Amino acid sequence: MSMAVDPGVSSRRDARRSQRPSAALRHTGDWARRAPLMPALVFTIIVTQLPFIATLVISFMDWNAYYPDERGFAGLDNYRRVLTDVNMVDAIITTIQLTVGVVLISLILGLGIALLLDRKFFGRGAVRTMLIAPFLVVPVAAALVWKHALYNPEYGLFNGLLTTVWSWFGSDNPPQPDWITQMPLGAIIASLVWQWTPFMMLILLAGLQSRPLDVVEAARMDGASGWQIFRYMTLPHLRQYLELGALLGSIYVVQNFDAVFTITSGGLGTANLPFVIYQTFYNAHDYGRASAAGVVVVIGTIIIATFALRTVSSLFREETSR
């Protein structure tokens, strides 16, 4: 006796059978697309994550090369010493002062230059290229230029300019300050501002060129002044770009080592956290405490980078919604 087969059931079976190969093919295709990226992923993990894990493990150890027999587990003692040691606390304060000073001054100067470059004038492309050049200079080379070509009290450009200006007024005794000795932290901030202002300018110029120009023209036709347009339209539009520039600048400046090492060698109260870590590791050979300080810097950088990524994602969402 034959039984009748429901055509609906058979059609669903056929649909499931037809879907199985397609799902397997999609799975295979996904892995085929991911496979070329696997070597890069493995390389990134080996280069970045394994050293950080090793640093994290060493940060919990009492490990000083001068006392090899006393190596052992220290728990949180290294972190306690990092956060309570006078030199470390001074380095943290110096790092904050250096980062805040460089980022704020670079943002203000970058905003002014971006507003000027947003206008049309002859040779604007060449001017942009020349203004970007400081950011492309190798950090150590830039620090050497500022230390010897500009700050040197005997043959530096700054004292040469002072001598020239004083000679215009008939004075034979122009001031010849030792810039690095008299203003050590300011000397480092000035060199870093010169290097990071082009970076801020590029970000803010991109923000200015993404403004809705029809709204700006409508505001001008309604009688709004240049200051009102800047205050109520341009500045609110640039808020996220200002945040992005500040966050990205903070990520890099908080890790700066080249300028401090080259210009002052960490003396005169200019030793920041990266320089103190360098001294603790290579001079004092206290690997545990240096690793703990490095972990503290990494945690601070991750916190700043998290805000930076959120700002970038919000910018992308805003652009795609237009």
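The values are calculated or read from the model by the stated rules, or taken from the named source; none is laboratory data. Just so it is clear, the model here is predicted, and its values are computed rather than measured. Ideal geometry is used to build each Cβ from the backbone, glycine not excepted, and the neighbour counts take in all protein chains shown. Calculation scope for accessible area: heavy atoms of the full protein, side chains included, ligands and nucleic acids excluded. Shrake-Rupley method; radii C 1.70, N 1.55, O 1.52, S 1.80 Å.
Can you find even one residue in segment 38-51 that is modelled with pLDDT of 80 or more, closer than 20 Å to residue 286 by Cβ and either among the charged types (D, E, K, R) or open to solvent by less than 90 Å² (accessible area, probe 1.4 Å) (or both)? Yes, the conditions are met somewhere in segment 38-51.
Residue 75 passes every criterion in (1) open to solvent by less than 80 Å² (accessible area, probe 1.4 Å); (2) closer than 27 Å to residue 248 by Cα; (3) not polar (S, T, N, Q) apart from (2). Quick one: in segment 208-258, of everything that is among the charged types (D, E, K, R) and in contact (Cβ under 8 Å) with a residue 60 or more places away in the chain, which residue is farthest from residue 190 (Cα to Cα)? Filtering segment 208-258 for residues that are among the charged types (D, E, K, R) and in contact (Cβ under 8 Å) with a residue 60 or more places away in the chain, the one farthest from residue 190 (Cα to Cα) comes out as 243.
Against the condition open to solvent by less than 40 Å² (accessible area, probe 1.4 Å) and either at pLDDT below 85 or closer than 30 Å to residue 265 by Cβ (or both), how does residue 186 come out, does it pass? Yes, satisfied. Close Cβ contacts (under 8 Å, 6 or more residues apart or on different chains) running from residues in segment 265-280 that are in a loop (DSSP other than H, G, I, E, B) to residues that are open to solvent by 60 Å² or more (accessible area, probe 1.4 Å) and not acidic (Asp, Glu) comprise 266/279; 268/181; 271/87; 271/279.
Just the residues that are in contact with a helix residue (DSSP H, G or I) (Cβ under 9 Å, 6 or more places away or on another chain), closer than 20 Å to residue 284 by Cα and open to solvent by 20 Å² or more (accessible area, probe 1.4 Å), please, taken from segment 81-102. Please lay out each step first, then the result.
Initially, segment 81-102 is screened for residues in contact with a helix residue (DSSP H, G or I) (Cβ under 9 Å, 6 or more places away or on another chain), giving 81-83, 85, 87-92, 94-95, 97-102.
Those still in the list that are closer than 20 Å to residue 284 by Cα too: 81-83, 85, 87-92.
The answer is 81, 83, 85, 87, 89, 90, 92.
The lone criterion from (1) under 27 Å from residue 128 (Cβ atoms); (2) out of contact with any helix residue (DSSP H, G or I) (no Cβ under 9 Å at 6 or more places or on another chain) left unmet by residue 163 is number (1). Do we have residue 270 as open to solvent by 70 Å² or more (accessible area, probe 1.4 Å), of a type in the set (Ser, Thr, Tyr) and closer than 30 Å to residue 86 by Cα here? Against the criterion (open to solvent by 70 Å² or more (accessible area, probe 1.4 Å), of a type in the set (Ser, Thr, Tyr) and closer than 30 Å to residue 86 by Cα), residue 270 does not qualify.
Confirm whether residue 5 is at pLDDT below 80 and assigned to a helix (DSSP H, G or I). Judged against the criteria, residue 5 is not a match. For the structure I just gave you, tell me whether residue 211 is farther than 24 Å from residue 275 by Cβ, surrounded by 14 or more Cβ atoms within 10 Å (Cβ to Cβ) and basic (Lys, Arg). Yes: the conditions hold for residue 211. Is it true that some residue in segment 152-174 is open to solvent by 30 Å² or more (accessible area, probe 1.4 Å), touching an Asp or Glu at 6+ places or on another chain (Cβ under 9 Å) and in contact (Cβ under 8 Å) with a residue 24 or more places away in the chain? Yes: one or more hits.
Which one of these is outside any helix (DSSP H, G or I) and either surrounded by 14 or more Cβ atoms within 10 Å (Cβ to Cβ) or not aliphatic (A, V, I, L, M) (or both): 147, 120?
On the way: 147 fails: outside any helix (DSSP H, G or I).
That would be 120, the only listed residue that is outside any helix (DSSP H, G or I) and either surrounded by 14 or more Cβ atoms within 10 Å (Cβ to Cβ) or not aliphatic (A, V, I, L, M) (or both).
When segment 150-184 is filtered for residues that are part of a helix (DSSP H, G or I) and hydrophobic (A, V, I, L, M, F, W, C), the ones remaining, listed by number, are 150, 157, 158, 161, 162, 165, 166, 168, 179, 180. Condition check: part of a helix (DSSP H, G or I), in contact with a Leu (Cβ under 6 Å, 6 or more places away or on another chain), at pLDDT below 85 and not β-branched (Val, Ile, Thr). Does residue 308 satisfy that? The answer is yes for residue 308.
Would it be correct to say that residue 96 is modelled with pLDDT under 90, closer than 30 Å to residue 203 by Cα and part of a helix (DSSP H, G or I)? So residue 96 passes the test.
Listed here are the residues, each with its yes/no results for (1) open to solvent by less than 40 Å² (accessible area, probe 1.4 Å); (2) at pLDDT below 85; (3) at positive phi; (4) not in a helix (DSSP H, G or I).
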residue	(1), (2), (3), (4)
215	no, yes, no, no
223	no, yes, yes, yes
246	yes, no, no, no
261	no, no, no, no
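Is segment 196-207 home to any residue that is over 18 Å from residue 116 (Cα atoms), of a type in the set (Phe, Trp, Tyr) and either open to solvent by less than 50 Å² (accessible area, probe 1.4 Å) or out of contact with any Ser or Thr (no Cβ under 6 Å at 6 or more places or on another chain) (or both)? Break it down stepwise before answering.
Step one: list which residues in segment 196-207 are over 18 Å from residue 116 (Cα atoms), which gives none.
Checked against the condition, which is being over 18 Å from residue 116 (Cα atoms), of a type in the set (Phe, Trp, Tyr) and either open to solvent by less than 50 Å² (accessible area, probe 1.4 Å) or out of contact with any Ser or Thr (no Cβ under 6 Å at 6 or more places or on another chain) (or both), segment 196-207 yields no hits at all.
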